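The values are calculated or read from the model by the stated rules, or taken from the named source; none is laboratory data. In this text the structure is predicted, and so the values were computed from the model without any measurement. Methodologically, a virtual Cβ is constructed for each residue, glycine included, from the backbone with ideal geometry; neighbour enumeration extends over all protein chains shown. We work out accessible area using only protein heavy atoms, side chains counted, and drop any ligands, DNA or RNA first. Shrake-Rupley method; radii C 1.70, N 1.55, O 1.52, S 1.80 Å.
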Amino acid sequence: MNRAAKDWRQFRARIWQRWRLPVLIVGGCYLAAYLASGLLFGVWVEPLRALIDFALLLVIGRLILNFSRKVWAFAALMALLIGAFFLGSSAKIAMLGRPVMPDDVYSVVALVRIMGWLGWVVVALPLLLMAALLIGNLKLEGRAAKASLAMLVALPLGCGAFGDAALRGADIMVGNHPWDQRENFTMRGPTFHILQETLRAYASRKAPPSETEVAAALDRINARAGDTGLADIAQDPAVQPVALSTAAPRNVHILLLESFWDPTPLLPKDHPVGSDGQPILDPRFLKLWDETGRTTAMSPTFSGGTANAEFEVLCGFPIDSWAVKFEQGFNTAPCLPALLNAQGYRTVASHPNAPGFWNRINAYRRIGFETFWSQGDFKLDDMIVWMLTDRSLYRQVDEKLKAEADPRPVLDFIVTLYGHWNYDMVPERPAVIPVNPEQTELGQYATAMRYKSIELMDEIDRLRREDPHSLIIAFGDHLPNLGYNWGEYKNSGFFVGGWGDFSPEMYARSRSTPLIVIDGEKGPLKLGSQPLYRLNQLVLDRLGLDQPNIGALVPPPEHLTIRPVPDTVIGYDAKQQAFLCNPGEAGGDCNAVQHWLDDVKLVARDIFDGQGHALALLERHRHPVAASLK
């Protein structure tokens, strides 16, 4: 017995000696991150799951330590990794309701630029340090070091080879609620979460579809679209398009309004106006919006990701991912700018930010813009800290278009910048409601929207006066970010709980921004709630263009309005009742919605990332859109 006890003590001593450093270093960092996550951001991982997650991270830490030369560098690397994937995820949940995900890699550069110097400190520098600590601390001496490095390298390769089977097993054992990534994070822990979602990213990769697959998908979409109701439309002169005249074609002005939304629902019920007794938004705007029946645009994104809203409007395909399509790259495609350019239009995009932001300089060229005026093309003569005001932007775009005296009609696509988070203020634009020093976002945001709406209406009035036949479209790209854990949204009861707790109506509210469509002399149109990708077809319909185009390939199923968003689908049925379709749900309209979305994504993968078989099938699939837009 003494011999056995001694052997057991020696065995424990050897184990402790081997695991002491990773236990102390990884355990200390993990515990600190666990407490900080809960106390600072209100995100608590389930205790038992945290222990299991810690055990997995401890094994990974031991493997890394095996091929590390210096203990201090290993400790720094683990602290940064835990900080990025634990605290970083908790902070992102508090801001956006969603933890760090693999597709965030496409947004790193944009995030650093948005955050300025702080982005370099909390994003770029830690990433550079992690890479330097991992590579600079490599030790490839001895079998243990080589075997440990080989195991970590083999892990992602194995994901590619056995992704589907491994993902199914992980979802069964660990769990998966794709409609609520916050819950996934708290029930998995940061290590299991990022590994499982990386595995999903591997498993979800698909080869470009074949011509046969594309043709079959288009046939199914066509069959679901059903009767477009054109016979009824023909009898309704109020919605008849103005035919494109070769003698005097109409200009198209599209104004994408950064973070534009009406914050009135967040104000006290007994005083839902500014300190001056006036509505937050310009009364002229509210009158015009009332004329549209309070039409709304349904955005693919929340609190950021403007470029995905741009892609939908310009190319006519929905996006249901947080990843930004402009950043991912795609084929040259015949989107709205290219189509209008082929019809004799000049196509101009304007945005007073760096041309590489969201990769616009390349993306705009691929979808058919002839000209892109970016930050260097404008005089920075009217600034709100780092943002050019909308009034200066509108004025300078107008001056540039007139100065060049191009006789062609124009597609004038303007992406504004003023009103971007964090809603900076200047003394010349005093607050319209009190700014709470402990939670400044709502006061600053409401102030920005007051001035933004005034400048918008000045521009719309000018366009209607100087270009009365033109088609004018103005919309907000997404709702604003108003603080940690939904901030003022929750304080006012506008949102309750997290994404997974939202009712269909609440989810729809989270994606709905004001939409104004002025059809020349016909005036404002009443369009109800329109997903942004349908505005692409609206432009062609109002111009009376019937050319084959990619946006017409993917009409929604008959009588349904469908707004795909990350992790779920928002819809309105034939009675305009909101509903949600979470992954795997087949009840009600959800079966048709899911099949439609699968087919649409297949066609999109073919056009933007594949061989473009759908482009040869355009003539077979023409879908007039007036009925669904009505």
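Things worth noting here:
- Count of segment 482-498 residues, restricted to those that are touching a Ser or Thr at 6+ places or on another chain (Cβ under 8 Å) and open to solvent by 10 Å² or more (accessible area, probe 1.4 Å), is 0.
- Verdict on HIS469 being under 29 Å from the mean Cα position of the chain (by Cα) and outside any strand (DSSP E or B): no
- Conditions (1) within 33 Å of the chain's Cα centre (by Cα); (2) of a type in the set (Gly, Ala, Ser); (3) at pLDDT below 90; (4) loosely packed, with under 15 Cβ neighbours inside 10 Å: number failed by ALA225: (4)
- Count of segment 396-420 residues, restricted to those that are within 15 Å of VAL348 (Cβ to Cβ) and either open to solvent by 70 Å² or more (accessible area, probe 1.4 Å) or among the small types (Gly, Ala, Ser) (or both), is 7.
- Total residues in segment 574-606 satisfying the condition of being of a type in the set (Val, Ile, Thr) and either without any contact (Cβ under 8 Å) to a residue 24 or more places away in the chain or farther than 23 Å from MET506 by Cβ (or both): the figure is 2.
- Tabulated pairs, segment 422-451, first among the charged types (D, E, K, R), second outside any loop (DSSP other than H, G, I, E, B) and open to solvent by 40 Å² or more (accessible area, probe 1.4 Å), C-beta under 6 angstrom, 6+ apart or interchain: ARG429/TYR451
- Scan of segment 540-558 for residues that are within 29 Å of GLU505 (Cβ to Cβ) and either at pLDDT 90 or above or of a type in the set (Ser, Thr, Tyr) (or both), ordered by number: ASP541, GLY551, VAL554, PRO555, PRO556, PRO557
- Looking across segment 456-481, just one residue is surrounded by 21 or more Cβ atoms within 10 Å (Cβ to Cβ), out of contact with any strand residue (DSSP E or B) (no Cβ under 8 Å at 6 or more places or on another chain) and either at pLDDT below 95 or within 21 Å of LYS287 (Cβ to Cβ) (or both), and that is ASN481.
- Screening PRO564 on (1) modelled with pLDDT under 95; (2) touching a strand residue (DSSP E or B) at 6+ places or on another chain (Cβ under 9 Å); (3) crowded, with 18+ Cβ neighbours inside 10 Å shows it passes everything except condition (1).
- Residue among LEU288, LEU267 that alone is surrounded by 20 or more Cβ atoms within 10 Å (Cβ to Cβ) and touching a residue at least 40 places away in the same chain (Cβ under 8 Å): LEU288
- Count - residues of segment 308-337 that are under 9 Å from the mean Cα position of the chain (by Cα) and at pLDDT 95 or above: 3
- Qualifying residue in segment 430-453 (condition: touching a Leu at 6+ places or on another chain (Cβ under 9 Å), modelled with pLDDT of 95 or more, of a type in the set (A, V, I, L, M) and closer than 17 Å to SER350 by Cα): no
- Selection within segment 527-552 - open to solvent by 20 Å² or more (accessible area, probe 1.4 Å) and farther than 25 Å from ALA616 by Cα: GLY528, SER529
- Enumeration of residues in segment 563-617 that are closer than 16 Å to SER204 by Cα and of a type in the set (Lys, Arg): LYS601, ARG605
- Pairs, first under 11 Å from ILE64 (Cα atoms) and among the aliphatic types (A, V, I, L, M) in segment 139-150, second loosely packed, with under 15 Cβ neighbours inside 10 Å and at pLDDT below 85, C-beta under 9 Å, six or more apart: LEU149/LEU140
- Residue within segment 430-453 that is of a type in the set (Phe, Trp, Tyr), in contact with a helix residue (DSSP H, G or I) (Cβ under 6 Å, 6 or more places away or on another chain), surrounded by 15 or more Cβ atoms within 10 Å (Cβ to Cβ) and closer than 26 Å to LEU515 by Cβ present: no
- Given (1) open to solvent by 10 Å² or more (accessible area, probe 1.4 Å); (2) in contact with a strand residue (DSSP E or B) (Cβ under 6 Å, 6 or more places away or on another chain); (3) among the hydroxyl-bearing types (Ser, Thr, Tyr), index of the condition THR332 fails: (2)
- Residue check for PHE317: out of contact with any strand residue (DSSP E or B) (no Cβ under 8 Å at 6 or more places or on another chain), of a type in the set (Phe, Trp, Tyr) and in a helix (DSSP H, G or I): no
- Index of the failed condition, ASN308 passing every other in (1) under 24 Å from LEU543 (Cβ atoms); (2) without any contact (Cβ under 8 Å) to a residue 24 or more places away in the chain: (1)
- Residue identified as among the hydrophobic types (A, V, I, L, M, F, W, C) and free of Cβ contacts under 8 Å to residues at least 24 places away in the same chain among TRP44, TRP117: TRP117
- Qualifying residue in segment 383-397 (condition: free of Cβ contacts under 8 Å to residues at least 12 places away in the same chain and either touching a strand residue (DSSP E or B) at 6+ places or on another chain (Cβ under 8 Å) or not aromatic (Phe, Trp, Tyr) (or both)): yes
- Close pairs from segment 169-195: first closer than 16 Å to PRO102 by Cα, partner assigned to a helix (DSSP H, G or I) and open to solvent by 40 Å² or more (accessible area, probe 1.4 Å), Cβ under 6 Å, at least 6 apart: GLY189/ARG49; PRO190/PHE85; THR191/LEU56; ILE194/PHE85
- Filtered residues of segment 235-277 (kept if among the polar types (S, T, N, Q), farther than 20 Å from SER492 by Cβ and either at pLDDT 95 or above or under 29 Å from the mean Cα position of the chain (by Cα) (or both)): ASN251
- The listed residue being outside any loop (DSSP other than H, G, I, E, B) and closer than 19 Å to GLU585 by Cβ, out of ARG182, ARG200: ARG200
- Residue identified as buried (at least 22 other Cβ atoms within 10 Å of the Cβ), in contact (Cβ under 8 Å) with a residue 12 or more places away in the chain, over 21 Å from ARG462 (Cβ atoms) and among the small types (Gly, Ala, Ser) among ALA363, ALA354: ALA363
- Selection status of ALA4, over 30 Å from HIS177 (Cα atoms) and open to solvent by 30 Å² or more (accessible area, probe 1.4 Å): yes
- Condition check for ASP458: in contact with a helix residue (DSSP H, G or I) (Cβ under 9 Å, 6 or more places away or on another chain) and among the acidic types (Asp, Glu): yes
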